[in-house]
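Peer 1: I'd like to ask you about the structure that follows.
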Amino acid sequence: MPRALVTGVTGQDGSYLAELLLAKGYEVIGMVRRTSHHSYERIEHLLDRIEIVAADLLDQHSLTVVLQDTRPDEVYNLAAQSYVPTSWNQPVLTGEFTALGVTRILEAIRLVHPTTRFYQASSSEMFGKVNETPQRETTPFYPRSPYGVAKVYGHWITVNYRESYGIYAVSGILFNHESPRRGIEFVTRKVTDAVARIKLGRAKELRLGNLDAERDWGFAGDYVDAMWRMLQQPTPQDYVVGTGQTHSVRQLVELAFSHVGLDWRRHVVTDPKYFRPAEVDLLLADPSKACRELGWEPKVGFGELVAMMVDADLERLSAPGRQVPAAVHHEGTKSPPNSSGAE
Ligand code: NDP
Ligand code: GDR
């Protein structure tokens, strides 16, 4: 039975990846950091089938011990500070987690278990102020946030350990991918949660930032399959993964509101608070290398994804007796009255 170690197993991608690996017959070990309150909501249904180990991206010793104790065949490094706006508020911490955290895991692999195969969760945010469209593996990086800069470091240190030490290490440059398990502050989930609240009469308006930003949005469940495929190749290589289609935030909003028969113009308010110090205007993937060499293709289209997320939020918020926690605020600001509460 192959064994995989997944960092960030409590996150959106970690939960889908754990499901995929279990279905393929893997023994799955999920790495979590110690907190006073467990954040196992996304993996509750898997807890009897995966092993949980504690370690932190900030702590070299804990990572080395986990590698030594578990000796996995594959390591998926999904853990990171992954929210772009927070990276301006906490740039140093973002660098520690999202950049140096990668080196710490690679060092643990080099020292105690160099035959493992390593996947690094790189990001289309590395393309930032894009040099060409669509973006492919050879497109130069121009990150536009401390998060993007940290991911560029994580990408190159992965390439460097592959070239320096012969470790099977790959970087998956994944474009935005979403799901009903997406964190509430990311724009897709913020929109679908607000649409459901407004439809149910619990909120009146939704405050957003830049409606003109365009993203290549796919379904997280499809993307974890690409991660796995990257680690099954005869030689380690880096791949761009996306749908090859882009949509604006405005189109996202229009689609989500119309799915429940509402006119978005009556509810959406643009609020400068949500504009970023530097924006990534347009992302569009050229996933042809992944399609050709990995046999990968996205299965869920944009319309289907938005409908799936709105329906899931409606169901969640309509469940009888369900306690719905207030959204967590990450930008140090309070929600104005009547807003959906999410950022
Ligand atoms: P999430 O934010 O949902 O999950 C992040 C995970 O990292 C959580 O499990 C979190 O644990 C864990 N984590 C954070 N800090 C630490 C730490 N110091 N030590 C150990 N674990 C830590 O992210 P996603 O699932 O959406 O993304 C997965 C990865 O892919 C991330 O690296 C992200 O940057 C990258 N990525 C994501 C894309 C997307 O569109 N989703 C696109 C491209 C790249 P906890 O539950 O305790 O907070
Ligand atoms: P992104 O995702 O920054 O692309 O990073 P996010 O959903 O946060 O933003 C996408 C675009 O929407 C615009 N936007 C808003 N965004 C948020 N969060 N809230 C708003 O109110 C709002 N209004 C407009 C943003 O300006 C932006 O242009 C995600 C993360 O998962 C990263 O970890 C990952 O690496 C990249 O995707 C690929």
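The values are calculated or read from the model by the stated rules, or taken from the named source; none is laboratory data. It should be emphasised that the depicted structure is a prediction, and the values quoted were computed from it without experimental measurement. Here the Cβ is made from the backbone with ideal geometry for all residues, glycine too, and neighbour counts use every protein chain on show. Please note that ligands, DNA and RNA were not included when accessible areas were found on the heavy atoms of the full protein model with its side chains. Shrake-Rupley method; radii C 1.70, N 1.55, O 1.52, S 1.80 Å.
Peer 1: Lysine pairs in the chain 8 or more apart or on different chains: how many have alpha carbons under 17 angstrom apart?
Peer 2: Working: Lys129/Lys151; Lys190/Lys199; Lys190/Lys204; Lys190/Lys273; Lys190/Lys334; Lys204/Lys334; Lys273/Lys334; Lys289/Lys299.
Eligible lysine pairs with Cα atoms under 17 Å apart amount to 8.
Peer 1: Given a 1.4 Å probe and every protein chain left where it sits, what share in percent of the accessible area of the chain is carbon and sulfur? Mind dumping the intermediate values first?
Peer 2: Numbers: 7380 of 14720 Å².
Carbon plus sulfur share of accessible area: 50 percent.
Peer 1: Here's something else I'd like to know. Over region 66-211, what is the mean sequence separation of C-alpha contacts under 8 Å (at least six apart), divided by residue count, expressed as relative contact order in percent?
Peer 2: 24 percent
Peer 1: So for the chain, Kirkwood radius off the Cα pairs, Stokes-Einstein at 25 °C and 0.890 mPa s: how many µm² s⁻¹? Numbers along the way, then the final one.
Peer 2: On the way: Rh = 20.6 Å.
My calculation gives 119 µm²/s for D.
Peer 1: Something else: So what is the calculated 222 nm ellipticity per residue for the chain, using -39500 (n - 2.57) for each DSSP H run with n of 4 or more, over all residues, to the nearest 500 deg cm²/dmol? Working shown, then result.
Peer 2: On the way: 11 runs with 124 residues, N = 343.
Result for the chain: -11000 deg cm²/dmol, rounded to the nearest 500.
Peer 1: Any chance you could check the Cα centroid distance between region 214-239 and region 40-92 for me, in angstrom?
Peer 2: Here the two parts' Cα centres lie 19 Å apart.
Peer 1: Quick one: which residues, 5+ away or cross-chain, put their amide H under 5 Å from the amide H of Val75? H built at 1.01 Å from N.
Peer 2: Result for Val75 returns Leu5, Arg117, Phe118, Tyr119.
Peer 1: Using a 1.4 angstrom probe, figure out how much accessible area region 225-302 has per residue, in square angstrom, rounded to the nearest whole. Numbers along the way, then the final one.
Peer 2: On the way: 3700 Å² over 78 residues.
Ligands and nucleic acids excluded, the result is 47 Å² per residue.
Peer 1: Mean-square fluctuation check for the chain, GNM, Cα pairs under 10 Å: which of Ile109, Ile167, Ile52 is largest?
Peer 2: Ile52
Peer 1: Still on this structure, I have one more. Let me have the relative contact order for the chain, percent, based on Cα pairs under 8 Å that are six or more residues apart.
Peer 2: Working: 692 pairs, mean separation 59.6, N = 343.
With pairs under 8 Å counted, the relative contact order is 17 percent.
Peer 1: Are there GluC sites (Glu not before Pro) in region 108-155 that DSSP marks as loop and that have at most 13 other Cβ atoms within 10 Å, and which are they?
Peer 2: In loop regions of region 108-155 (DSSP not H, G, I, E or B), the sparsely surrounded GluC sites (Glu not before Pro) are Glu132.
Peer 1: Something else now. Assuming a ≥ b ≥ c are the square roots of the Cα gyration tensor eigenvalues, decide whether region 71-139 counts as rounded (a/c under 1.5), prolate (otherwise, with a/b larger than b/c) or oblate. If you can, show how the numbers build up before the last one.
Peer 2: Numbers: a/c = 2.92, a/b = 1.43, b/c = 2.04.
Because a/c hits 1.5 or more and a/b fails to exceed b/c, region 71-139 counts as oblate.
Peer 1: Sequence gap at least 6, Cα distance under 8 Å: using those rules, report the relative contact order of region 33-111 to the nearest whole percent.
Peer 2: Values: 52 pairs, mean separation 28.2, N = 79.
Relative CO of region 33-111 lands at 36 percent.
Peer 1: Hey, got a sec? Which trypsin sites (Lys or Arg not before Pro) in region 15-65 land in a DSSP loop and have at most 16 other Cβ atoms within 10 Å?
Peer 2: Values: sites: Lys24, Arg33, Arg34, Arg42, Arg49; in loops: Lys24, Arg33, Arg34, Arg49.
Those that pass, being in a loop and sparsely packed, are Lys24, Arg34, Arg49.
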